[in-house]
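Visitor: Could you have a look at this structure, given as structure tokens, before my questions?
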């Protein structure tokens, strides 16, 4: 049973405490995202989908989504239905979708200009070297559809793929009980989804990875899902690409005490309401301000529509941590490497310049994390569980690939051939060496 707001016990930690490291270890003990039972079940589903294709997908859709479709055609969501949903949603929702899509598209177009261009140069020997950038042919985007509907995830996955030049974008989204969310379908129309299927879970991942008679095989799968989806994505990596293994949502707020405490409390709620396993943390050097935030949490929580989920998240994985100073807050934030990092301070850039590891950094009191989720422009598909130390947000670079270009001139073959010959003989790879040596002192144009 979830604790009522008045009894909510949110961890209070202090970095100056002798037992802080032990408390920290308990707070950040990484949950096993791939329990043996879940992984084994996902493996069985994938094997079945690989063997039986559409028939297996239909069976699991009946079992898990309680949707008894006669065939896969009944689970495909037509372009007409996507655009009908766009035409029928309230004008306010349509305007918000289109404005958000415009900002997300603009951001990723700028990103494409920076990272998505081919280039080449000619060195002193006349050898051409370079890189050719090409989009993937077909990608699958997984849109969650269990506890809530996520039209924003459609925009964040499909738009960068579209900007990158992906030819075909296949969307899968679970529709428990057969209920198709019109805002999700409208988002697919706005974002340029090519085909959409009302399927989810490990079976949808398998259908995209292996291909069936109805669902096309894709080159890469992106988008978050539940533990079964995560386990399935991990298992199909190598058959196709994946973006990342997404864990529960996270937010970390560094506060200097200048932001209204109710704003910070609500920002902590904004991730806690996703899932009981989500994690919300405040770092602040001011004990009185931490008290004020705690008081606002108690005051605001009873009025939240997802109060039980928020309460479970905050009491189970949340924390209010007093640090010695903002320098220590930055050090601890880098150690945590959170998905979302808010710098809620009077001079946020001074603090942000010291930070290295986060999925996204939100600067200043007015920059709520929720704006990044929906409409700021940067992608909201972010690394979790500390993987921001070595991973990046989803972007156009996830939908393009790089091919090296090498065109060696006659002069270059003379110089490079001798280098390659020495190294190849050192590795005892005779054919490598001879292939380079055969081109020495031979001019085909002479």
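We did not get these values from a lab; they are worked out from the coordinates using the rules stated. Just so you know, these numbers come straight off a predicted model, no measurement behind them. Positions of Cβ are generated from backbone atoms using ideal geometry, with glycine treated the same way; all protein chains shown enter the neighbour counts.
Visitor: List the equivalent ellipsoid semi-axes of the chain in whole Å, largest first, each obtained as the square root of 5λ for an eigenvalue λ of the Cα gyration tensor.
Guide: In descending order the semi-axes read 42, 32, 22 Å.
Visitor: Let me ask something else about it. In the chain, what % of DSSP beta bridges are antiparallel (nearest 5)?
Guide: Of all bridge pairs located within the chain, approximately 30 percent are antiparallel.
Visitor: Rank by packing, highest mean first: peptides 344-354, 48-58, with packing defined as the count of other Cβ atoms within 10 Å averaged across residues.
Guide: Ranked from most to least packed, the peptides come out as 48-58, 344-354.
Visitor: Rounded if a/c is under 1.5, else prolate if a/b is larger than b/c, else oblate: which is the stretch 38-174, with a ≥ b ≥ c the root eigenvalues of its Cα gyration tensor?
Guide: Oblate.
Visitor: Now for a different question. Using only the Cα atoms of the stretch 158-253, build the gyration tensor, take square roots of its eigenvalues as a ≥ b ≥ c, and label the shape rounded, prolate or oblate: rounded if a/c is under 1.5, else prolate if a/b is larger than b/c, else oblate.
Guide: Rounded is the answer for the stretch 158-253, as its axis ratio a/c remains below 1.5.
Visitor: Here is a further query. Figure the gain on full extension for residue 47 and residue 26 (residue separation times 0.36 nm, minus the Cα-Cα span) and round it to one decimal in nm.
Guide: Stretched out fully, the residue 47 to residue 26 stretch lengthens by 3.9 nm.
Visitor: Quickly rank 429-440, 197-208 as a protection proxy: mean count of other C-beta atoms within 10 Å, highest first.
Guide: Highest-to-lowest ranking by the protection proxy: 197-208, 429-440.
Visitor: Given the stretch 294-446 reduced to its alpha-carbon atoms as identical point scatterers, what log10 I(q)/I(0) does the Debye formula return at q = 0.15 Å⁻¹?
Guide: Log-scaled intensity ratios, in q order: -0.91.
Visitor: If a/c stays under 1.5 just call it rounded; otherwise compare a/b with b/c (prolate if a/b is bigger, oblate if not). Do that for the stretch 221-364, with a ≥ b ≥ c from the square roots of the Cα gyration tensor eigenvalues.
Guide: Oblate shape, in that a/c is at least 1.5 and b/c is the bigger or equal ratio.
Visitor: Looking only at 224, 144, 308, which one moves most when the chain is put into a Gaussian network model with springs between Cα atoms under 10 Å?
Guide: 308
Visitor: Once each part is reduced to its C-alpha centroid, what is the distance from the stretch 389-428 to the stretch 330-378 in angstrom?
Guide: Taking the Cα centre of each part, the stretch 389-428 and the stretch 330-378 sit 37 Å apart.
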